[in-house]
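The values are calculated or read from the model by the stated rules, or taken from the named source; none is laboratory data. These numbers were taken from a predicted model, which means no experiment stands behind them. We place every Cβ from the backbone using ideal geometry, glycine too, and count neighbours over all the protein chains shown.
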Amino acid sequence: MASKGKLLSIYFTAGYPDLNDTLKIIQDLEKNGVDMIEIGLPFSDPLADGPTIQQSSTAALKNGMTTEILFNQLRDIRKSVSIPLLIMGYFNPMLQYGVEAFCKKCREIGIDGLIIPDLPVDVYHEEYRDIFEKYGLINVFLITPQTSEERIRFIDKVSKGFIYMVSSASVTGSGKGFGNVQTDYFKRISTMQLSNPQIVGFGIKDSETFAQATKTAKGAIIGSAFIKHLTENGVNSVSDFIHTIR
Amino acid sequence: MTYHANNKGYYGEFGGAYIPEMLYPNCEELRQNYIRIMEEPSFKEEFDQLLKDYVGRPTPLYFAKRLSEKYGTKIYLKREDLCHTGAHKVNNTIGQILMAQRLGKNRIIAETGAGQHGVATATVCALMGIECIVYMGEIDIARQAPNVARMKMLGAEVRPALSGSRTLKDATNEAIRDWINNPVDTHYIIGSVVGPHPYPDMVARFQSVISEEIKWQLKEKEGREHPDYVVACVGGGSNAAGTYYHYLDNPDVGIIAVEAAGKGVNSGESAATSALGKVGIIHGSKTLLMQTSDGQITEPYSISAGLDYPGVGPMHAHLFKSGRGEFISITDDEAMTAGLEMAQLEGIIPAIETSHAFAIFDHRKFKQDDVVVVNLSGRGDKDLDTYIDYFKL
């Protein structure tokens, strides 16, 4: 298929469909050739997410998922999984756990980094960067079609790992498809010669959007479409989904 | 030492803008322009004119003689209940609609709980001929039917928030999502001193007209601009912010904030954020909020829909934490009783939110010659059904 050599990253909500599906989903994703995984730490009020991820988060919390339980589920993950693993979640649960304690735990487990949509780059830079670096964690920032060039340069400077390129002005799972606006935006970013690679997320739902998104970017992230697939087909259907993408 | 926001929107450790990058351009545009726009002579002139001719300002500062006699102190009521649409909320929506126009926005979104802010937003949008979409929790839509009808009659579209607990917090989430999806043409009129910077400061400035008027009105009546105490109910805290605003940095004025204890602070059904909340982040602001030990935001409860918010504006979190403000929680029963007493002593039926503020006189003694100004933030028409049910009227 077209998008060979491009990174496929999958987001899923930990604790969904069932509380203890976390490990199986991660292992199956790796087995089926996924290059990177974002493990979603569910939050009661996920502002940047659309209905699919919100519903899976609500369900996961109802199933009893907590930060502590997730860390326990992941305790031995590095014995069976070697691809990069990131935790993606909102800042408040991390703040309550204690940012330093959270980072320390991630390090112990072998988590590579964090994506925290509501921790702005400026606050990170001033207050939390030292802690993240102390524990060797990368922190991934988002950019959008509205992000100014100056700010993108700043984010590039602060970032280690990659930049999460939000495909369009939307919450997750909107799935409007990609038009000229996105194509121009992808091109504009690729000509900026940033030092971090870019991975596109939001609105990637099938092999077509994956191919479009990765024309210039290094990879793409699929979240809502994968969760929808799990909802409809169950936790044993991971490989079916991945094979529709590539 | 100041209790106002600094230029990054922090009140002490509280405030800031903890927002996803998708919201950054919207908030940044507002942050860079709001003070400049508010200080433009043409803006001030239009704002003042509308407050005078349309809202009906200045609202009276009324000496509540019988209430004062009963509690042995001098109680003044700031009559925000007499504002057009029935509460202080419209001071802010007038300000923000003018702001939106100057920023070139042609679509307005808002969140609402009980519907008061939704009605105030729909009102100014009708006034200016601008499209208006109000997000309201599905459960609130069912229990606040008259306000839903008002918004529709004013030409607004009321969109149900179907996620989470389907109340105010979820309506706010939905409004924020709408703003993420419509970053260019849309202005989000937040109804309280909550949300990311610059909202808490901007809304407080628009509401500050309340204490600005209290100053000169009190001077006329008491020969001094400064009362001994200012009292207001706090949900998110916009009427309180307006009432305290010009007194924040004056240590001679005591600040009293009244929160909703619901069925009791420790009943599990409460909205007393200062007592039950911990530092956290809600709707883009670092503040005190009610949450689980795991950092999930919990559902508050109060008989009054306007106080039913799991957080509190960062100004108030700072007033609490620093000890500058005295926080009192009042139960549903105490508030309802105080509302009835206000009706029968002064002939004023207050909103249930406001009734909480009046209930403090049973809790806290004031000196005979203390001057206590209570903000009568809203009128009780919208709450008639609740009063009828409660008192079997």
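Brief remarks on what is shown
- Unmet criterion (only one of (1) away from chain A (no Cβ under 14 Å); (2) crowded, with 24+ Cβ neighbours inside 10 Å) for B:Gly195: (1)
- Across region A:133-143, the qualifying residues are those that are within 28 Å of A:Phe186 (Cβ to Cβ) and out of contact with any Pro (no Cβ under 8 Å at 6 or more places or on another chain), and the one among them that is surrounded by the fewest Cβ atoms within 10 Å (Cβ to Cβ) is A:Ile138.
Residue-wise test of (1) touching a residue at least 40 places away in the same chain (Cβ under 8 Å); (2) hydroxyl-bearing (Ser, Thr, Tyr); (3) on the phi > 0 side of the Ramachandran plot.
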residue	(1), (2), (3)
B:Lys8	yes, no, no
B:Tyr11	yes, yes, no
B:Ala17	yes, no, no
B:Tyr24	no, yes, no
B:Arg31	yes, no, no
B:Arg36	no, no, no
B:Gln49	no, no, no
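- Matching residues, region A:19-51, being within 18 Å of A:Gly173 (Cβ to Cβ) and surrounded by fewer than 18 Cβ atoms within 10 Å (Cβ to Cβ): A:Pro51
- Single match in A:Leu47, A:Leu86, A:Leu95 (criterion: modelled with pLDDT under 95 and either more than 14 Å from chain B (Cβ to nearest Cβ) or farther than 20 Å from A:Ser237 by Cβ (or both)): A:Leu47
- Residues of region B:175-189 that are facing chain A (nearest Cβ under 7 Å) and of a type in the set (S, T, N, Q): B:Asn181 alone.
- Residue match in region A:62-82 (condition: in a helix (DSSP H, G or I) and within 17 Å of A:Ser224 (Cα to Cα)): no
- Residue ID - nearest to the chain's Cα centre (by Cα), chosen from residues in region A:104-123 that are crowded, with 20+ Cβ neighbours inside 10 Å and either closer than 27 Å to B:His197 by Cα or without any contact (Cβ under 8 Å) to a residue 12 or more places away in the chain (or both): A:Ile115
- Test: residue in region B:326-337 that is buried (at least 16 other Cβ atoms within 10 Å of the Cβ), free of Cβ contacts under 8 Å to residues at least 40 places away in the same chain and closer than 17 Å to B:Glu69 by Cβ: no
- Number of the condition not met by A:Tyr135 [criteria: (1) over 16 Å from A:Asn196 (Cβ atoms); (2) among the hydroxyl-bearing types (Ser, Thr, Tyr); (3) at the interface with another protein chain (Cβ under 7 Å from one of its Cβ atoms)]: (3)
- One residue alone among A:Ile143, A:Ile245, A:Ile204 is under 23 Å from A:Pro17 (Cα atoms) and within 16 Å of the chain's Cα centre (by Cα), and that residue is A:Ile204.
Here is a yes/no grid of residues against (1) among the basic types (Lys, Arg); (2) in contact with a Lys or Arg (Cβ under 6 Å, 6 or more places away or on another chain):
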| site | (1), (2) |
| --- | --- |
| B:Pro60 | no, yes |
| B:Glu69 | no, no |
| B:Leu82 | no, no |
| B:Gln96 | no, no |
| B:Met99 | no, no |
| B:Lys105 | yes, no |
| B:Ala142 | no, no |
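- Filtered residues of region A:142-176 (kept if in a loop (DSSP other than H, G, I, E, B), among the basic types (Lys, Arg) and either within 12 Å of chain B (Cβ to nearest Cβ) or in contact with a Ser or Thr (Cβ under 8 Å, 6 or more places away or on another chain) (or both)): A:Lys176
- Subset tally (residues that are touching a strand residue (DSSP E or B) at 6+ places or on another chain (Cβ under 7 Å) and either closer than 22 Å to A:Tyr97 by Cβ or at pLDDT 95 or above (or both)) for region B:294-312: 6
- Given (1) within 14 Å of chain A (Cβ to nearest Cβ); (2) within 30 Å of B:Lys365 (Cβ to Cβ), number of the condition B:Arg66 does not satisfy: (1)
- Residue match in region A:218-225 (condition: within 13 Å of the chain's Cα centre (by Cα), assigned to a helix (DSSP H, G or I), within 14 Å of another protein chain (Cβ to nearest Cβ) and among the polar types (S, T, N, Q)): yes
- Residue within region B:277-291 that is among the charged types (D, E, K, R) and part of a loop (DSSP other than H, G, I, E, B) present: no
- Tally, over region A:52-63, of residues that are surrounded by fewer than 24 Cβ atoms within 10 Å (Cβ to Cβ) and within 23 Å of B:His283 (Cβ to Cβ): 6
- Options B:Val312, B:Val265: the member that is more than 12 Å from chain A (Cβ to nearest Cβ), β-branched (Val, Ile, Thr), touching a residue at least 60 places away in the same chain (Cβ under 8 Å) and surrounded by 24 or more Cβ atoms within 10 Å (Cβ to Cβ): B:Val312
- Any hit, region B:292-308, residues being away from chain A (no Cβ under 14 Å), in contact with a Leu (Cβ under 7 Å, 6 or more places away or on another chain) and part of a loop (DSSP other than H, G, I, E, B): yes
- Of the criteria (1) out of contact with any strand residue (DSSP E or B) (no Cβ under 6 Å at 6 or more places or on another chain); (2) at pLDDT 95 or above, which one A:Ser3 fails: (2)
- Test: residue in region B:207-221 that is in a loop (DSSP other than H, G, I, E, B) and either β-branched (Val, Ile, Thr) or at pLDDT below 95 (or both): no
- Candidate set: region A:64-83, residues that are within 14 Å of chain B (Cβ to nearest Cβ) and buried (at least 20 other Cβ atoms within 10 Å of the Cβ); chosen: the one farthest from A:Leu137 (Cα to Cα): A:Met65
- When the criteria are applied in full, B:Glu29 meets the requirement of being within 14 Å of another protein chain (Cβ to nearest Cβ), part of a helix (DSSP H, G or I) and either modelled with pLDDT of 95 or more or loosely packed, with under 15 Cβ neighbours inside 10 Å (or both).
- Checked against the criterion of being over 17 Å from the mean Cα position of the chain (by Cα) and polar (S, T, N, Q), region A:147-170 has at least one qualifying residue.
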